[in-house]
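J.: Have a look at this one before I ask anything.
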Amino acid sequence: MTLRVVQVGAGGMGRAWLATVAADPDVELVGIVDLDLDAARAGAAVAGDPTIPVGTDLTALATETGAEAVLDITVPVAHHPVTLEALRAGLPVLGEKPAAQTVAEALSLAAAAEATGKLFMVSQSRRYNDHLVAFRQHVRGLGGVGGLSTRFAKAPHFGGFREEMDDVLLLDMAIHAFDSARYVLERDPVSVYCESWNPAWSWYRGDAAAAAVFTFEDDVRYVYDGSWCAPGAETSWNGDWRASGPAGTALWDGDHDPWSDLDGTPGAPDAAPSVGNEIAGALASFVRAVRSGERPDGEVHGNVMSLTMVDAAIASARTGRRIVIDEVLEQAHATALKDEQDEAIRERLASWGSVRTVAVCVDNGRRTPQRRGPRCCSSRPTPAVAPGGRRGAGSSSVSSSPPSSGARRSPRRARSSRSASRRASPSVTRRRTPPHWRGSSSNRPWWTRSPIPTLPSPNGSQRAHDWPTRSPASCGRAPRSG
Ligand SMILES: NC(=O)c1ccc[n+]([C@@H]2O[C@H](COP(=O)([O-])OP(=O)(O)OC[C@H]3O[C@@H](n4cnc5c(N)ncnc54)[C@H](O)[C@@H]3O)[C@@H](O)[C@H]2O)c1
């Protein structure tokens with residue numbers, strides 16, 4: 001049976017999604033929503049059926065067409081309101097990256113997914129790449145990993161909003177590399193020092209180049225060196241990757257098969273199953289997750305940390321200080337709590353003891369802090385795989401938000417946070433698993449086990465969560481950017 005979806009947003013990336021949906025036999029497009037009706041109509045043509053219903057009201061069109069799920073391919077500032085409306089309408093959502101415009105909004109959406117019992121998956125499409133999966137297999141063969149780096153050099157002339165926005169490289173593109181680094185390292189970040197700048201010949205208004213050093217758990221370093229103003233000898237869109245460990249080095253040029261050199265011997269790790277290709281892989285994963293109840297890669301809780309890396313890097317670039325990731329998370333959590341006006345969502349937010357514990361990895365309902373093995377942020381996407389409340393006006397965009405709490409620290413506090421961050425690594429991995437993260441005999445996804453309050457549906461009736469409760473079966477090519 002096909003999954004009936006309404007797509008919201010029929011712009012540049014929206015058209016790529018429409019073509020992908022049309023090519024997927026497991027999905028049926030039943031409606032297109034866009035503030036710009038002409039864009040929606042043009043989208044229907046791209047989808048191959050100009051008679052597909054279009055509109056500007058998501059809830060109305062979804063109800064009219066009997067939609068079972070929503071694709072949110074709007075601009076980042078609209079991700080929170082559109083996704084929240086869909087979740088409150090009782091519909092699972094697959095949304096384009098970033099999860100939301102700010103980390104606070106992303107946390108609010110994670111809490112909304114809990115409160116409604118509906119899946120919200122972020123399509124971090126570059127994880128759906130068999131070369132990336134193979135690269136991680138090579139990295140696993142290095143006998144441990146001490147450092148990972150990405151060099152990204154392109155020179156695209158996009159025109160439009162990208163050439164006007166602040167922090168364009170970090171905001172629009174770097175999240176892909178940051179998210180892939182979490183996947184490859186199978187760890188989460190602890191702190192970052194970042195500088196960003198705009199080369200003299202830049203055609204962007206905001207900083208189009210950045211260099212960041214992240215400290216990950218276990219004192220592992222991730223170095224990102226990127227530019228969108230680097231004509232000549234450009235890297236692939238995924239960038240050039242290099243990882244080193246005691247047994248050797250693994251390399252990936254972002255376009256071809258990765259390889260490793262184990263001190264003179266070529267690495268030959270086990271092949272991993274295919275994860276599909278970019279947004280087609282993410283869509284297949286989403287459909288499978290909606291049908292089976294399995295937790296897909298990109299489920300919002302596990303994705304928040306990638307957005308936090310962007311926010312922390314920008315805060316560091318603006319303040320010249322090293323930023324502790326947990327401080328950004330805690331600040332975002334405080335903002336989310338302050339701004340949230342929906343009581344059920346607020347309750348979920350308030351129930352989180354530590355945001356890191358919520359935002360880092362869950363593995364089919366089990367936080368797995370003691371072992372170094374795969375976790376949600378790092379587990380590969382499963383092969384061929386996974387309306388109403390209004391927020392206060394207080395949340396601000398990443399690009400316009402004031403520096404995070406970390407950014408406002410005094411130098412002394414910055415130093416103590418630095419040593420705290422060094423200590424954070426082992427403590428993070430030793431942290432006791434909170435009760436609601438522990439696996440149960442039913443082995444159901446954790447959000448189906450914890451008591452989930454009902455939210456009033458738009459027509460006023462109460463709608464209990466209907467996320468499947470069976471046990472788990474178990475950026476883009478130029479000219480589009482990130
Ligand atoms: N994964 C990738 O490789 C990749 C590549 C490019 C863009 N993206 C992401 O895709 C998303 C869309 O980017 P784009 O380039 O298509 O933007 P775009 O501006 O071309 O299109 C956005 C569309 O959404 C519509 N829209 C905006 N707000 C809306 C709302 N509240 N309700 C209904 N419609 C609304 C606009 O009218 C427009 O048609 C962004 O989040 C972007 O970061 C991802």
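The values are calculated or read from the model by the stated rules, or taken from the named source; none is laboratory data. The shown structure was predicted, so the numbers you read here are calculated from the model rather than taken from an experiment. With ideal geometry, Cβ positions are generated from the backbone for all residues, glycine too; neighbour counts draw on all protein chains shown. We work out accessible area using only protein heavy atoms, side chains counted, and drop any ligands, DNA or RNA first. Shrake-Rupley method; radii C 1.70, N 1.55, O 1.52, S 1.80 Å.
J.: In whole Hz, what ³J(HN,Hα) sequence does region 5-19 give by Karplus (6.51, -1.76, 1.60; θ = phi - 60°), x for Gly and Pro?
T.: Whole-Hz 3J(HN,Hα) from phi for region 5-19: 10, 9, 9, 9, x, 10, x, x, 6, x, 5, 4, 5, 4, 5.
J.: If I take R0 = 22 Å and measure r between the Cβ atoms of ASP36 and ARG291 in this structure, what FRET efficiency does the formula 1/(1 + (r/R0)^6) give, to the nearest 0.05? Please report the intermediate quantities before stating the final value.
T.: Working: r = 32 Å, r/R0 = 1.46.
Between ASP36 and ARG291 the formula returns 0.10.
J.: Sticking with this one: So how much slack lies between ASP49 and ALA272, counting 0.36 nm per residue of separation and subtracting their Cα-Cα distance, in nm?
T.: Numbers: separation 223, 0.36 × 223 = 80.28 nm, distance 3.72 nm.
Taking ASP49 through ALA272 to full extension adds about 76.6 nm, to one decimal.
J.: Then there is this: Determine the gain in length on full extension of the stretch ASP261-MET165; use 0.36 nm per residue of separation and subtract their C-alpha separation, reporting nm with one decimal.
T.: Full-extension gain reported as 30.5 nm.
J.: With each pseudo-label sitting 7 Å past Cα toward Cβ, what's the ARG205-ALA78 distance in nm, one decimal?
T.: 2.1 nm
J.: Can you work out ³J(HN,Hα) from phi for every residue in region 194-203, in order, using Karplus 6.51 cos²θ - 1.76 cosθ + 1.60 and θ = phi - 60°, giving whole Hz and x for Gly and Pro?
T.: My calculation for region 194-203 gives 9, 10, 10, 7, 10, x, 4, 8, 4, 9 Hz in order.
J.: Still on this structure: Place the peptides 100-112, 183-195 in order of packing, highest mean first, counting for every residue the other Cβ atoms within 10 Å and averaging per peptide.
T.: Values: 100-112: 28.4, 183-195: 23.8.
The densest-packed peptide leads the list: 100-112, 183-195.
J.: With every protein chain present, what is the per residue accessible area of region 127-266 (1.4 Å probe, Å²)? Kindly include the intermediate steps, with their values, before the conclusion.
T.: Details: 5060 Å² over 140 residues.
Per-residue accessible area for region 127-266 comes out at 36 Å².
J.: A further question on this structure: So who's got an amide H within less than 5 Å of the one on VAL54, skipping anything under 5 residues away but keeping other chains? H placed 1.01 Å off N, in plane.
T.: It is ILE32, by chain and number.
J.: Please give me the summed charge of the neighbours of ALA247: other residues whose Cβ is under 12 Å from its Cβ, Lys and Arg +1, Asp and Glu -1.
T.: Working: positive: ARG140; negative: ASP261, ASP263.
Cβ neighbours under 12 Å give a net charge of -1.
J.: Shifting gears a bit: Using amide H atoms built 1.01 Å from N in the peptide plane, name the residues 5+ places from LEU29, or on other chains, whose amide H lies under 5 Å from its own.
T.: VAL5
J.: Using the Karplus curve 6.51 cos²θ - 1.76 cosθ + 1.60 with θ = phi - 60°, work out ³J(HN,Hα) for each residue of region 138-143 in order, rounded to whole Hz, and write x for Gly and Pro.
T.: Values, residue by residue: 5, 4, 4, x, 8, x Hz.
J.: Then there's this: Local charge sum around ARG205 (other residues, Cβ-Cβ under 11 Å, Lys/Arg +1, Asp/Glu -1)?
T.: On the way: positive: ARG162; negative: GLU163, GLU164, ASP166, ASP167, ASP207.
Cβ neighbours under 11 Å give a net charge of -4.
J.: Which listed residue (PHE178, PHE161, GLY144) has the Cα farthest towards the positive end of the charge dipole for region 127-266, taking +1 on Lys and Arg C-beta and -1 on Asp and Glu C-beta about the Cα centre?
T.: Checking the options against the dipole of region 127-266, the answer is GLY144.
J.: Tell me which residues come under 5 Å, amide H to amide H, from GLY267 once H is placed; ignore anything under 5 positions away on its chain.
T.: Here SER260, ASP261, LEU262 satisfy the definition.
J.: Compute the distance in nm between two label points, each set 7 Å from the Cα along the Cα-to-Cβ direction, one at ALA19 and one at ARG4.
T.: For the pair ALA19/ARG4, the computed spacing is 2.8 nm.
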